[in-house]
């Protein structure tokens with residue numbers, strides 16, 4: 001996937017990432033100068049569209065303005081939520097006020113938290129735990145790949161079969177003031193920015209390897225994370241997969257606690 005993004009004003013404009021046979025993917029924000037920027041994506045397919053991780057309430061108006069440059073906002077009929085954290089989902093409050101008929105696409109483990117944002121709204125939901133894929137009007141298929149404890153227990157990634165794009169949520173997220181929409185640094189330099197996030201927020205190497213095993217038969221041309229830069233290019237993607245395979249993070253970094261250190265419980 002070749003992404004020509006430098007000619008766009010990222011502060012105001014959407015960036016087309018993929019387009020073929022009526023199936024399109026866009027980056028629609030956000031370019032706020034913080035260490036943990038939100039990447040919000042739009043999957044458009046004919047006269048329907050889904051926002052992937054809609055961002056926070058602060059992102060709503062900028063996101064809406066970018067979408068209006070692409071299509072009528074009435075085309076938006078779904079919002080996908082990888083997990084429940086407010087930086088990537090609190091904007092659903094504004095979206096459901098804008099259109100309460102939107103369908104929420106997520107796992108049931110995430111939906112129980114998102115209900116608190118949508119109190120009093122009788123909304124439709126698409127349960128990705130029961131329906132493992134979604135076929136769009138063009139025939140393009142989105143596969144839902146569980147990524148538990150990376151970092152939320154109910155987290156789910158999306159694999160777009162036609163575009164060969166992986167919407168990875170917090171996996172391959174990066175933290176840095178310096179930012180490029182598409183990874184432009186040497187991977188070994190960029191992974192330092194990923195370390196800041198993964199070592200603290202991703203639960204374990206065991207969870208990481210389980211997720212990777214679910215990608216075995218998938219060709220990936222682009223990784224689209226919620227934070228940091230989009231990763232493209234065969235060598236970069238191979239390095240990204242190896243990074244997750246070898247990652248020591250979360251509970252892997254905890255010290256061992258012996259039974260002797262816990263003898264006090266028996267002595268109580």
Residue match in the range 65-77 (condition: part of a strand (DSSP E or B) and over 25 Å from residue 237 (Cβ atoms)): yes
First in the range 66-77 and at negative phi, second anywhere and surrounded by fewer than 15 Cβ atoms within 10 Å (Cβ to Cβ) and part of a loop (DSSP other than H, G, I, E, B), Cβ under 6 Å, 6 or more apart: 75/47
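Please go through the range 125-138 and pick out each residue that is without any contact (Cβ under 8 Å) to a residue 24 or more places away in the chain and outside any strand (DSSP E or B).
The first filter runs over the range 125-138 and keeps only residues without any contact (Cβ under 8 Å) to a residue 24 or more places away in the chain, leaving 125, 127, 129-133, 135.
The answer is 129, 130, 131, 132.
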Residue within the range 235-245 that is in contact with a helix residue (DSSP H, G or I) (Cβ under 7 Å, 6 or more places away or on another chain), closer than 17 Å to residue 157 by Cα, buried (at least 19 other Cβ atoms within 10 Å of the Cβ) and at pLDDT 95 or above present: yes
Residue 13 vs. criteria touching a helix residue (DSSP H, G or I) at 6+ places or on another chain (Cβ under 7 Å) and farther than 30 Å from residue 148 by Cβ: yes
Qualifying positions in the range 101-124 - part of a strand (DSSP E or B) and either modelled with pLDDT under 95 or more than 11 Å from residue 80 (Cβ to Cβ) (or both): 124
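Rundown of residues vs (1) over 30 Å from residue 205 (Cβ atoms); (2) surrounded by fewer than 19 Cβ atoms within 10 Å (Cβ to Cβ); (3) in contact with a strand residue (DSSP E or B) (Cβ under 8 Å, 6 or more places away or on another chain), yes/no style:
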site	(1), (2), (3)
67	yes, no, yes
83	no, no, yes
125	yes, yes, yes
143	no, yes, yes
148	no, yes, no
151	no, no, no
155	no, no, yes
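The values are calculated or read from the model by the stated rules, or taken from the named source; none is laboratory data. On a predicted model such as this, the values are computed, not experimentally measured, just so you know. Cβ coordinates were reconstructed from backbone atoms using ideal geometry, including for glycine residues, and neighbour counts include every protein chain displayed.
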